[in-house]
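Data first, discussion second: the structure below is written as structure tokens.
The values are calculated or read from the model by the stated rules, or taken from the named source; none is laboratory data. Values in this document were obtained by computation on a predicted structure and should not be read as measured data. Counting neighbours? That spans all protein chains shown, and the Cβs are built from the backbone with ideal geometry, glycine included. Side chains are part of the model used for accessible areas, which takes the heavy atoms of the whole protein and leaves out ligands, DNA and RNA. Shrake-Rupley method; radii C 1.70, N 1.55, O 1.52, S 1.80 Å.
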Amino acid sequence: MKDENELLVEFRDFGFQYNAQAEPTLYHIDLKIRRGEKVLIAGPSGCGKSTLASCINGLIPFSYRGESTGKAMIRGRETKEMSLFEISQTVGTVLQDSDGQFIGLTVAEDIAFALENECVRDPQLHERVRAAASLVNIESHLHHAPEDLSGGQKQRVALAGVMVNEVDLLLFDEPLANLDPATGKTAMELIEDMRRKSGAAVVIIEHRLEDVLHRDVDRIVLMNDGRILADAAPDELLSTGLLAQNGIREPLYLTALKYAGVTVTPQMRPGSIHSLKLEEAQKEKVRSWSAGVGEIPPRKDRKILLQAENIHFTYGNGYKALDGVSLTIREGELMAIVGTNGAGKSTFSKVVCGFETPQKGRIRFGAEAAGIPENAGSWMDLSIKERADHIGYVMQNPNQMISQTMIWDEVALGLRTRGVDEAEITKRVEETLKICGLWPFRRWPVSALSFGQKKRVTIASILVLQPEMIILDEPTAGQDYRHYTEIMEFLRTLGSRGFTVVMITHDMHLMLEYAARCIVFSEKKVIADDSSAGVLTSPDVIARASLKETSLYTLAKMCGIRDERAFVQSFIDYERKNRRGSFASAETASTGTEPGNTEQEGAQS
Amino acid sequence: MKNSPVKTIVAIGIGAALFFVLGRFVAIPSPVPNTNISTQYGLLAFMAAIFGPVAGALIGLIGHALIDFSYGWGIWWSWVIASACFGALIGLVASRLSIEDGEFGQKGIITFNLFQVVSHVIAWGVIAPVLDIVMYKEPANKVFLQGLVGGISNIVTTAIIGTLLCVAYAAAKPKKGSLSRDR
Amino acid sequence: MRNIFNYIDRPSPIHDLTGATKLVCLLLWSFAAMMTYDTRFLAMLPVLSFALFVISKIRLRDVSFMLGFTVVFMVLNNVLVFLFSPQHGVSLYHAKHVLFSLGGRYVVTQEQLFYHLNLVLKYLSTIPIVLLFVCTTDPSEFAASLNRIGVKYSIAYSVALALRYIPDIQREYHEISQAQQARGIEMSKKQTLVKRLKSAGAILIPLILSSMDRIEVISNAMELRGFGKKKKRTWYMARPFSRWDILAMILSAGLLVTAILLNVRNGERFWNPFV
């Protein structure tokens, strides 16, 4: 007998402080979650939302030690009087790191994991695994190894792995972090589907609000600085300015409405673009706003920096990754390369950097690409190290690049291995640290930095080699809106210093807001090369590249605007005119660099 | 902080996987032609110094056995056991160090290296050759020289890579104390 | 990626045996081969393993890559033994029949050659069977098998985790080393030895520190799914023993018994035709 309204989780004036920390991470938490509810917990990095999740699934107090006050209860029992195992019978957790969560050697073994631990025997063991697999639609992949699955499929396996226990509450920690837009959309649909079928409560920890709201949620719990600031229905919360004030990105359609001077109220049902209701007068406001945004003229053609011609590449194991890729990158561009996993975008960057050698095709760079024959050496003849003097590559996870203890040494490493003399090293490291806003931390160990700051260190360690171009793999992965904006504004300042910046990403907001141009990879080929607004309003490209149409597009249609592309473009231009100036000046002030820094000259020489 | 039993089990699994990858794919040419330096013993010493002798022994045992399996030359038990013994012996240093708390200063470096030298000498100078003689009836002078060469090379790698790893890991642990920005 | 261990999925009677059976047989066989230096017995084992290869439908070219390593290892070891101890056979067999001299102490004797023959047979009697085991046992079944023959399930699971994460760690190593090469870090012969090792550190430090984070995530994931709560656990990949499993184990036990009996009859581990 299941009580439909049963209280599954209850926090009463709960607080928590990790043993290793000087301050509490959670203060005065009051929260109730009932069976069948769907709750989104949102907040910027470090707001305590992950700690709250650990208090729900029992990792606190059983894995992480600390002091707690007040009460944390699962089904009316205090968690500290239960065991982690008991809690796991009620709460099923899907962690953010899908490779860490995937423990089994194959799909079937991973789904079976919890049952094996409970000593479930055959034939029930096999039956329940099959049932759980078919629930999430992965039963045709039972014997696949994790490396043969896409990110979305791994998440399905993770979900089946907790559903197999028939839990009452599903807890998702940043379920969208590693998924491309279309897969993220499907994931939210799947989660909703699971809730309907099982009647379990769902708790989602995420800062990508608009993507979660693709399917209805009952409540949004907004957190900041360890406190719950709001616990309300989406329609109500989105009508306030609280989200933006606390570093959460509002849905784009709401931002556009606000720009147009429309006051958002709960009665308009702003929780989702699909439920949103606009009156004629409001639509008119949007139309006239968009018409009034002056166009920013596209920048005049710049010199070609890199030219790839008909690149074909097949890995040693016979997997073909690039099938005739041609593209052009111009000097000083800030551009994005997008596409699903396996579309070839990462392989392309490896070919450019010389990590892999294409079987066919040719890449030209610099003078060679610009067609100045006299001083053109061949790019294809350069080694990895020689290419790195011109094109820097920044990996997604800064922890995979950092090998030195001190920030200074990390940034200097590339120069030291190149045998540059110490006086020159000192000069260049100092300059780079200033450009990257790391000057105040120059004597710090790397370990004292936040994830975002570490990312800057890795970018600095590449910039110090004075390349003309840098390629960044998912520069904003795992960042909340504030850190994300920080990194992107920083990259933009690099652009204005003459660096060419290429971002490999599946983040839609990123390309919309920052990339002037966007190259779309699909099925090992380039399928589009257009402005970001153009790509995101082209249904055909969106479908083929597993992207997601922007809600601005839907809003434009709703308001009867014919040229959706122009509408999206005017949104971008409006933001560029009205918001960026302030960010850019803040950047300069905080880093204390003077305009016309020598770094730029060095890069261009 | 004490590690939970599950964490130790995972550390053994991941440690063995690292040992395997390092032993099988990380080729650093050594001064002796056609031989590579075994970086995996630096890793093993580091893991054992954090997770203790049992984890050390099992990482050495599983990792080494998997390498032998993957080459298909059968398991050379005498050397596999020597790897396990090295892991266990160097693991004894764990209780004298507190790398988990971010402490690994000059004293720690000396203790760690003292232990690793002694452990390597016992593992490759005594255990491996004696087992070779007992199990495989190989000539004594051959196996002792092999042990000597292997042992010295392992001592050097552990001294450099093992120490670097301990220093880096201790530095990455958050320490209390305030850092101030320089202007 | 799982092919590091060269598992070849092909229907055959050997594949049908459970992993636990094959592991038991492998251990019994290896002990038998290790136990004795009786040349007749050692000569029989390669013939037997060849027959098993035929039954298992594993072809020579499936394992040629691994055999290559083995042959190199075998030749090298034989050469080393001869270089270091050209009279080892004489001392083992207590007799000396000189064939010819290569100068100095390198006098070739019948005993020495016979010892080398035994050494080669020793390889041939253990290596093919390990290859056969590797080629016919699904890595997924391996942990369950270890647990079944009495290894604690937590340790058996460590082995499973190692097998699971080897491909991930290998890929990560590859990516890190490429990115570090771009910064000028290299481990080639152009560098001095100490520099090479320090370069290795620049690649291994990020790899190992991120693996330490991985340990944390995985152990949380396992605890959240109830690992380690009970004294026992079941295995999805475990299969019940069939008649053939029992038979295979009995036959392997027979080999070990034979080896022991031969040692007893020979009075030592060597079968000595010289005295």
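Remarks
- Rounded to the nearest 20 debye, the dipole magnitude of chain A is 860 debye, with +1 charges on Lys and Arg beta carbons, -1 on Asp and Glu beta carbons, and the Cα centre as origin.
- For the range C:143-224, convex hull of alpha carbons as volume per residue, Å³: 122
- Relative to the current alpha-carbon distance between C:Phe241 and C:Lys152, full extension at 0.36 nm per residue lengthens the span by 30.0 nm.
- Calculated FRET value between C:Arg269 and A:Thr69, using beta carbons and R₀ = 51 Å, to 0.05: 0.15
- Surface share of carbon and sulfur [accessible, 1.4 angstrom probe, percent] for the range C:143-224: 54
- Loop-located GluC sites (Glu not before Pro) in the range C:190-275, at most 16 other Cβ atoms within 10 Å (DSSP): C:Glu268
- For the chain pair C and B, the interface hides roughly 5500 square angstrom of accessible area in total, found with a 1.4 Å probe.
- Its alpha carbons give chain B an Rg and a Dmax of 17.2, 69 Å.
- Debye log10 I(q)/I(0) at q = 0.12, 0.17 Å⁻¹ for chain C, Cα point scatterers: -0.99, -1.26
- Here the range A:264-421 was treated as a single set of alpha-carbon atoms; its pair distances binned every 5 Å from 0 give 2, 7, 11, 13, 12, 11, 10, 8, 7, 7, 6, 4, 1, 0 percent.
- Charge tally for A:Lys320 (other residues, Cβ to Cβ under 14 Å; Lys, Arg +1; Asp, Glu -1): 0.
- For a modelled paramagnetic label at A:Arg12, 7 Å from Cα along Cα-to-Cβ, the residues of the range A:70-84 in reach, with backbone nitrogen under 19 Å, are A:70-82.
- Pairs from A:Lys427/B:Lys173; A:Lys32/B:Lys173; C:Lys22/C:Lys232; A:Lys455/A:Lys525 whose Cα-Cα separation, in the structure shown, is over 26 Å: A:Lys427/B:Lys173; A:Lys32/B:Lys173; A:Lys455/A:Lys525
- Net charge of Cβ neighbours under 9 Å - reference A:Ala177; Lys, Arg +1; Asp, Glu -1: -3
- Estimated FRET transfer efficiency (A:Glu166, A:Asp530; beta-carbon r; R0 41 Å; 0.05): 0.30
- Using the Cβ-Cβ distance between A:Thr263 and A:Ser134 with R0 set to 45 Å, the FRET efficiency from 1/(1 + (r/R0)^6) comes to roughly 0.40.
- Taking a point 7 Å from the Cα of A:Glu23 along the Cα-to-Cβ direction, the residues of the range A:223-259 with backbone N closer than 20 Å to it are A:223-230, A:245-248.
- Measuring nothing but how far apart in sequence close Cα pairs (under 8 Å, 6+ apart) lie, relative to its length, the range B:5-172 scores a relative contact order of 26 percent.
- Computed from point charges on the beta carbon alone (+1 for Lys and Arg, -1 for Asp and Glu), the dipole magnitude for the protein assembly as shown about its Cα centre is near 2080 Debye.
- Burial of 50 Å² or greater, the range C:108-153 residues [accessible area, probe 1.4 Å, versus chain by itself]: C:Val130
- Cross-link pairs A:Lys38/A:Lys71; A:Lys345/A:Lys548; B:Lys142/C:Lys122; A:Lys185/C:Lys229 - those with Cα-Cα distance over 25 Å: A:Lys185/C:Lys229
- Legend: residues A:Val420, C:Val264, sorted from most to least accessible area (1.4 Å probe; ligands, DNA and RNA excluded), read C:Val264, A:Val420.
- A crude spin-label estimate for the pair B:Ala140 and B:Ser95, with each label 7 Å from Cα along the Cβ direction, gives 3.5 nm.
- Dipole magnitude of chain C, debye to nearest 20 (Cβ charges: Lys/Arg +1, Asp/Glu -1, about Cα centre): 340
- Taking all C-alpha pairs of the range A:457-519, those more than 14 Å from each other amount to 56 percent.
- Pairs of Cα atoms farther than 26 Å apart, the range A:101-257, %: 34
- Top positive-direction residue, dipole computed over the protein assembly as shown with Cβ charges, set A:Ala132, C:Ala20, A:Leu171: C:Ala20
- Proportion of all alpha-carbon pairs of the protein assembly as shown beyond 49 Å (%): 31
- Chain A, accessible surface, carbon-and-sulfur percent (1.4 angstrom probe): 47
- With the charge dipole of chain A set up from +1 on Lys and Arg Cβ and -1 on Asp and Glu Cβ about the Cα centre, the Cα lying farthest toward the positive end among the listed residues A:Ile471, A:Ala556, A:Ile273 is that of A:Ala556.
- Helix axis angle, C:60-84 relative to chain C longest principal axis, alpha carbon, degrees: 60
- Annotation: C:Met249 carries an accessible surface of approximately 40 Å², with a 1.4 Å probe and no ligand, DNA or RNA atoms counted.
- 1.4 Å probe accessible area per residue over the protein assembly as shown, in Å²: 40
- Here's the picture: charge each Lys and Arg Cβ at +1 and each Asp and Glu Cβ at -1 in chain B, and of B:Ile99, B:Ile67, B:Ala55 the one pushed furthest to the positive end of that dipole is B:Ile99.
- Taking a ≥ b ≥ c as the square roots of the eigenvalues of the alpha-carbon gyration tensor, chain A is classed prolate because a/c is 1.5 or more and a/b outweighs b/c.
- Average partner coverage of C:191-204, which counts Cβ from other chains inside 10 Å: 6
- For chain A, the relative contact order works out to 13 percent when only alpha carbon pairs closer than 8 Å and six or more residues apart are counted.
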